[in-house]
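Have a look at the structure below, then the notes.
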Amino acid sequence: MTIELSDVGVTGLRTAVARALPHMTTDWPWGGLLLDLDGTHLYAVATERHTLAIGRAEASRPAPAWRAHIAAADALSLGRFLDDTDPRDTVFLTYAEYGDEGVPEVRLRGRHASHAVPLTGNDDFPDWREIAAKALEQPAADEPVCLTLRMLQRWAAVGEQATFSHRGAHRAVVVTADDFLGLHMPCRIRTSLTPALDGWHQAITRPRKDTAMPDTTGPAAHLRELAADFRTRTDQARTQARREREERERQDIASRASDCMERLFPQTLGLGLSPEAWQGYPGGQEDARPMAVAHLGEGMFVTYERRTTALDDPWASSYDVVVLLRPCSCGKYIESVIDSDYSLALVLADAEIVTACVSDCTPSGEREEG
């Protein structure tokens, strides 16, 4: 799209970007940072699928609406530049079609320095307004909610206070503060919390009993230190082994995907996709298999998995599964299994004919944390 932006002053950009960056990813297809101006406010948006952060800054004057996507590395550089500015200062933005690197860029001018940020031209970033609107439509719920503690740390960048509103089982928790809106997908609660709560209720209401102090003269204290040290070293070794295993899985599945394209799609994907185009993802938990993903452009992706006919059969055979994901007119994705150059050609031809949703698509941008 055409971007019209010339010396537009924005107040609060440092805070808006700082709040969004902790939620940014680098390897997800929607990685990076989105700057979105609606005419009066500039929004900084980042997501890594489980959380979505939307920081808002105010434009000093009305300006034409525009949006621009920034790669993750350049977004971090933008954050460092803004960290050197005063949060109350106005930062002026200007769009340049050809920057120093020969690509479009947004130039920022502060009180004491200037900075240029290259733009990617990526149009695959999710419709954050639609996602947020769907979450806000849900009424607040009184039931317990399970959140991943590691992801909770990201909300510290919002400031000293924020409000969390739960919207029901498996629906996004809404996070709000001044000039900020966020979404946090909850965990799946596989067991009831009632027994655990009952245990705590009994513990804090049971009359206290006087107990004798334990004997500290024996070897128990030293034994605890030895056991704690052993556990620490074991946990560290397991963590390192898991990271190495995941890295091997990433490289192996990406290599298998590239080989599969050359074997099953020698005239199409085998020619159009280089080995570097594949991004591998480890298997994880719950028997999830490693997966490789390649971006084809025009909102389309191709995924590769290596599956087994029966997980509990030692004589089971493995086979390749290649899926083409293409955007549906409703904003979701249509998944099509392909196994040859010809089947790919049929799916792509069908994509040119079908212009309306046929209810054969899957949710996009609404994956839950398992």
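Database remark: amide H of residue 291 closer than 5 angstrom to the amide H of 281 (H placed geometrically; neighbours at sequence offset of 5 or more, or on other chains; Pro and chain starts carry no H). Modelled spin-label separation between residue 146 and residue 123, with each label point placed 7 Å from Cα along the Cα-to-Cβ direction: 4.1 nm. When 21, 348, 149 are arranged by Cβ crowding within 10 Å, least crowded first, meaning fewest neighbours, the order is 149, 348, 21. Classify region 1-111: rounded, prolate or oblate, from the alpha-carbon gyration tensor (a ≥ b ≥ c, eigenvalue square roots; a/c under 1.5 rounded; otherwise prolate if a/b is larger than b/c)? Rounded, since a/c falls under 1.5. The Cβ shell under 13 Å around residue 249 holds other residues with a net charge of +3, Lys and Arg each +1, Asp and Glu each -1. Would you mind checking which residues have amide H under 5 Å from residue 147's amide H? H placed 1.01 Å from N; only 5 or more apart, or other chain. Under 5 Å from the amide H of residue 147 lie the amide H atoms of 187, each far enough along the sequence or on another chain. Taking other C-beta atoms within 10 Å as the exposure proxy, 163, 51, 85 rank 163, 85, 51 from fewest upward. The chymotrypsin sites (Phe, Trp or Tyr not before Pro) of region 18-108 that DSSP puts in a loop, and whose beta carbon has at most 14 other beta carbons within 10 Å, are 98. 3J(HN,Hα) along region 74-83: 6, 5, 5, 5, 4, x, 5, 5, 5, 4 Hz, from the Karplus curve 6.51 cos²θ - 1.76 cosθ + 1.60 with θ = phi - 60°, whole Hz, x for Gly and Pro. Think of each Lys and Arg Cβ as +1 and each Asp and Glu Cβ as -1; about the Cα centre, that makes the dipole of region 8-184 roughly 300 debye.
Rounded to the nearest whole Hz, the Karplus-based 3J(HN,Hα) values (6.51 cos²θ - 1.76 cosθ + 1.60, θ = phi - 60°) of region 35-41 follow the sequence 9, 9, 9, 9, x, 10, 10, with x at glycine and proline. Rounded to the nearest Hz, the phi-derived 3J(HN,Hα) couplings of region 142-149 under the Karplus curve 6.51 cos²θ - 1.76 cosθ + 1.60 (θ = phi - 60°) are 9, 6, x, 10, 10, 10, 6, 5, where x marks glycine and proline. Each Lys or Arg adds one and each Asp or Glu subtracts one; over the other residues with Cβ under 12 Å from the Cβ of residue 123, this totals -2. Charged neighbours of residue 88, selected by a Cβ distance under 12 Å, balance to -1 (K, R count +1; D, E count -1). Here 187, 328 are placed in order of increasing Cβ neighbour count within 10 Å, fewest first, which gives 187, 328. The label point for residue 307 and the one for residue 248, both projected 7 Å from the Cα toward the Cβ, are 2.5 nm apart.
Backbone amide hydrogens, once placed in the peptide plane, bring residue 122 within less than 5 Å of 69, excluding anything fewer than 5 places away on its chain.
Bear in mind that the values in this text are calculations on the coordinates, not laboratory data. The structure presented is a predicted model; accordingly, all values stated were derived computationally and were not measured. Positions of Cβ are backbone-derived with ideal geometry, glycine not excepted, and every protein chain shown enters the neighbour counts.
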